There are 4 protein chains.
Amino acid sequence: MKKVAVLTSGGDAPGMNPAIRAVVRRGIFQGLDVFGVQHGFEGLMKGNFISMDLGSVGDIIHRGGTILRSARSERFRTEEGQIEALQKLNEAEIDGLIVIGGDGSFRGAEKLTEKGFPTIGIPGTIDNDICGTDYTIGFDTAVNTVVEAIDKIRDTASSHERTYVIEVMGRDAGDIALWSGLCVGAESIIIPEEVCDMDDIVARLEQGNKRGKKHSIIVVAEGVCRGDEIAKAIEQTTGLETRVTVLGHLQRGGSPSAFDRMIASQMGAKAIDLLLDGHKGVMVGLKGGNLIHSPFAEAAKVQHKLDMSLYHLARSLSI
Amino acid sequence: MKKVAVLTSGGDAPGMNPAIRAVVRRGIFQGLDVFGVQHGFEGLMKGNFISMDLGSVGDIIHRGGTILRSARSERFRTEEGQIEALQKLNEAEIDGLIVIGGDGSFRGAEKLTEKGFPTIGIPGTIDNDICGTDYTIGFDTAVNTVVEAIDKIRDTASSHERTYVIEVMGRDAGDIALWSGLCVGAESIIIPEEVCDMDDIVARLEQGNKRGKKHSIIVVAEGVCRGDEIAKAIEQTTGLETRVTVLGHLQRGGSPSAFDRMIASQMGAKAIDLLLDGHKGVMVGLKGGNLIHSPFAEAAKVQHKLDMSLYHLARSLSI
Amino acid sequence: MKKVAVLTSGGDAPGMNPAIRAVVRRGIFQGLDVFGVQHGFEGLMKGNFISMDLGSVGDIIHRGGTILRSARSERFRTEEGQIEALQKLNEAEIDGLIVIGGDGSFRGAEKLTEKGFPTIGIPGTIDNDICGTDYTIGFDTAVNTVVEAIDKIRDTASSHERTYVIEVMGRDAGDIALWSGLCVGAESIIIPEEVCDMDDIVARLEQGNKRGKKHSIIVVAEGVCRGDEIAKAIEQTTGLETRVTVLGHLQRGGSPSAFDRMIASQMGAKAIDLLLDGHKGVMVGLKGGNLIHSPFAEAAKVQHKLDMSLYHLARSLSI
Amino acid sequence: MKKVAVLTSGGDAPGMNPAIRAVVRRGIFQGLDVFGVQHGFEGLMKGNFISMDLGSVGDIIHRGGTILRSARSERFRTEEGQIEALQKLNEAEIDGLIVIGGDGSFRGAEKLTEKGFPTIGIPGTIDNDICGTDYTIGFDTAVNTVVEAIDKIRDTASSHERTYVIEVMGRDAGDIALWSGLCVGAESIIIPEEVCDMDDIVARLEQGNKRGKKHSIIVVAEGVCRGDEIAKAIEQTTGLETRVTVLGHLQRGGSPSAFDRMIASQMGAKAIDLLLDGHKGVMVGLKGGNLIHSPFAEAAKVQHKLDMSLYHLARSLSI
């Protein structure tokens, strides 16, 4: 193993930059030549390899987004696209590829490994919806961003004694909604993992109202139901003035939190070490505080599970 | 003048709390008894006066929202409501009223003064749409909140090389859109004071694209046109991937900025001093760095004017 | 078990408020009466119990510090003081006590349990220096505060091409220094757990300088050595312009991070559940992502260990 | 006028980057070639001119520090150094120079203009200590940074019921201390413009203490007196537990605030327009909300004056 490459793929996440930095620096520390690929698999198929030296990742540890850019690639899903990527990797004499991204990106990496090329995955997505790790890079920052935004909305909710419905990211996984809901003391949290029970939501609001609560926050994961429909239903049933805010793409950005920089650094270095130890077709993960690795195939088989004890904790604390 | 009261009215704004603090502390400093009224004019008509001592406004200078709550009141617009408020003020032997709010709140205050009761207005609204002052309390914080949010969105815009349309507050005044657009280097800024010219927007995007810009930001004031329609038009014309974020009510909250705490403190103290000097029916303002006051009636006659030189500055800097 | 009390003790930490909230709300949820004690053990000896209802912990989840105040108590270290506290607890018919604080606070709690009174500890300190848990409440916020401060200093370091020495908290434990140092990409990190080798520090600076680094950051845990002495030594040996900043008490404050709110909520609720299950003389902890509990005595015997693999990771990434 | 150059000099300030951006973009907008000089006058004497295109200042509007680096230059104070700089400017066929910095930097610029070379100054320093403008670029950000830091310290001050002495920047000008002190509700503010009266400080603390204040904040401008000496004096006289924090260089960094981005953009563009209008030896300023310009010589003659009415306002509000 002499030359390795790294790319970021799928939706960007805060912490991808410290992960790239760790891959590059650890690679050079271990005596490797490291190359960056811009625009994910799309750039890989074009063979856009950039040589990365120590300075190329200087002053990026605190920046959001990804200096290697990201993209989704339809063409890489085809056999043809994958073979093209392999040719470019071989032409550039690259011996291993590290892919920072989510589930979809790992399926792409796995295709290359099935064809004999060593790949390692690093879980980078704000959604935290990847098996094989307790935390994905970007999740902690995203939750803090949501919590800070809702803390601001709380000011106006409190001044006007209103109910606010906040729509947050997480189409298939309720992690962001559940964590941020618990962290702001939301009266109700609506997640894909649990049936949305309007009667229960209304009952909790009315109970809180009765004991003197001046404002209420309801957090809903996008995709479960629309915030404005929830708000309408609440107003009609309870008569409480209710507003909606859809937080949108600001959840993807921002300087990575300490935790995300930490796990990005750990996982990035680990990915290099795994390649050097001859591993391939595995993703790095953090389980119970320990760095582990597990085959892509295995991770894909198991479905990501939300810790439902947190859901019940949230309910018992927002009475 | 022995007893004065203070209330907050209309949409809440960051900095209302330091303004309340200044009114209370300066009042006591000048030997007055100060009372707070909760829920704006609605509370006034109910005679809900709370005695405020020095400690009652301790530890609030940094908090968003308003500890006196705010509300909009339909009933206070009627003669009947106003007379009821006057009765309560007289029963409580209150000699002057300070109203922190926007244009609508000042119209309410003016009604009381027309009936002989001394009132002073303090401009508190994030929209900056009040004549008689260069800056309203809350505007600086709101602009900073918008700028920080767009700085985050820029990370993901840059990673994915996308165009983002950001919808910000300001139904009738483009101040927030113009300031924040200039401060984030937006490619185009759409405000009620200027015709929205889609051809120009598209031309600027394509020109930027041609010279290598990797992402673009378009800021639009709500009420001019919907962000999603702009985004759709851009995608159809240019083929550039375009996303929308509606920032919503987080723009109203947050700890007040230094500037807002400063002008809130100045204006709050000034309002007390004006009452003591026998003024009534005037609002405090900040013009050219100086504290001034002008009659409600006068302020209402003139229309708030956006500084259009900033609009042209923004255009020349985002080429 | 019908009545329980909660207090905060020792140095305050962000997240103590969400922990208090969780204790109070979970207690009421489980049918208990919950009391707060102000000023830690000092207040306990005076029997200052305040009845806490659901609303008493409303709107505090996002506030730094502790609404119950904290204090260090010399008198509670004496047998006499402890007996006085027990009398007050018995007079108030309180059946269990939850203590949020650090090692010293737990030794106090243990004394009460040795005398037969059920106590549960919750680890709350920014230093992360408590055995029996991977994370203490407040550590994540403190690290983020330090990281944000150093990110700002980096701007000026970079503009002037200087070296900065940053002194952070952690007299006996290098956790804050190591985490924040790794998260800002510090060239060297000086912690109590490792010999401070000036030759190595200088060699790393000169090596970085040679390859074109424009600025350098050195993080030092207070108590190991003084920042200004390090800076002087660096200037004398390398000739590099070097400045010092001692971050000081701002590290203790600030709105708790999402992670701290989360573990504070989990641990607070767990403490109540442990009391109800008949446990006493134990502290709650988070190990490998799981909530556990361990006897005070046991936790005190083992010395807190820093994860030295992070130290070596930091070195390999800041070459 | 065909070619102009821009440099940053002296202590760096947040907002220098948006000022550079405005100079470059407005210059190109007006048909000029714009060059950047690195490391201030030091780089000027070496003739290090870098051609700046539109993209060279892309994505910097939100970054702290200065991409052109800054430096203090002893050699440029000599006639020899100035002549060398002029030679390099002439060799590069540059027709005008824009200097972003403080008083000392303007004296340097003036020397060039005295020798016939057109220069324009833009006031960039966090200290706000420049005549000829109400606000310098960087001041608003620095005050907000200080205010946020003290808001954090307030949490721990309140939890432990302590007095805190905070030392902030401003060796010769009390602007940062006065503004931030007023904005955090400090009990006393110690500035170079006013005699430090320990009896008064102690009297105010004791008065506050008597009426139930739980914590106190004293803000002191560095250079007036040392924070630790004040703290010692307070502890000895009042017996109140008192701590010190010296905020240090984090006050120089951070993403520029909206206000600083705004005035930096305005002043940067104005500087170009002034050069094109044939002005030289003048600095741009903002007075009463209007962009003005005044000769360096004139600005240097008048001493910067702090608005002492703010000092008395602060005193009346922190009773």
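Every number here is computed from the coordinates shown, using simple stated rules; none is lab data. Every value quoted in this text rests on a predicted model; they were computed, and no experiment measured them. Cβ placement follows ideal geometry from the backbone for every residue including glycine, while neighbour counts extend to all protein chains displayed.
Below is a table of values for the structure above.
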read-out	value
Residue-averaged beta-carbon neighbours from other chains (10 angstrom radius) around A:173-186	3
With at most 13 neighbouring Cβ atoms within 10 Å, loop trypsin sites (Lys or Arg not before Pro) (DSSP) excluded, longest segment of chain C	C:3-114
For the stretch A:181-282: rounded, prolate or oblate by the Cα gyration tensor [a/c cutoff 1.5]	prolate
Cα centroid separation - the stretch C:188-232 against the stretch A:31-57, whole Å	31
Virtual spin-label span in nm between D:GLN30 and B:LYS210, 7 Å along Cα→Cβ	2.5
Ascending list, in nanometres, of distances separating the B:GLY31 label from those of the other copies (7 Å, Cα toward Cβ)	6.3, 6.8, 8.8
0 to 90° range, to nearest 10: angle between helix C:16-29 axis and chain C longest Cα axis	30
Per-residue [θ]222 nm for chain D (sum of -39500 (n - 2.57) over DSSP H runs n ≥ 4, rounded to 500)	-13500 deg cm²/dmol
Within chain C, percent of DSSP bridges classed antiparallel, to nearest 5	25
Point-to-point label distance, D:ASP200-C:SER56, nm (Cα→Cβ direction, 7 Å offset)	4.3
Cross-link partners of C:LYS287 among lysines (Cα-Cα below 19 Å; sequence separation of 8 or more within a chain)	A:LYS287, C:LYS270, C:LYS301, C:LYS305
Per-selection Kirkwood Rh - chain A (Cα, Å, 1 d.p.)	20.5
Averaged over C:49-62, number of beta-carbon atoms from partner chains that fall within 10 Å	3
Within straight-line cross-link reach of A:LYS280, aspartates and glutamates at Cα separation under 15 Å, skipping those fewer than 8 residues along the same chain	A:ASP95, A:GLU110, A:GLU114, A:GLU298
Nearest 10 degrees, 0 to 90: helix A:103-114 Cα axis against chain A principal axis	20
Percent antiparallel among DSSP beta bridges (both partners in the stretch B:1-89, rounded to 5)	50
Candidate aspartates and glutamates for bridging to B:LYS232, where Cα separation is under 19 Å - those fewer than 8 sequence places away on the same chain excluded	B:GLU161, B:GLU167, B:GLU187, B:ASP197, B:ASP199, B:ASP200, B:GLU206, B:GLU222, B:GLU241
Other copies of D:THR237: label-to-label distances in nm, shortest first, labels 7 Å along the beta-carbon direction	4.4, 6.2, 6.8
P(r), alpha carbons of the protein assembly as shown - 20 Å bins starting at zero, rounded %	11, 40, 39, 10, 0
In degrees, nearest ten, helix C:139-160 long axis to first principal axis of chain C (Cα)	20
For C:VAL195, inter-copy label distances in nm, listed shortest first [label point 7 Å out on the Cα-Cβ vector]	5.7, 6.7, 7.9
Nonlocal amide H pairs with C:GLY121, under 5 Å, H built at 1.01 Å	C:VAL99, C:VAL282, C:MET283, C:VAL284
Nearest-20 debye value, the stretch A:139-252 charge dipole, Cβ charges on Lys, Arg, Asp, Glu	420
Nearest residue to the symmetry axis between C and D, taken on chain C by its Cβ, in whole Å	C:VAL246, 3
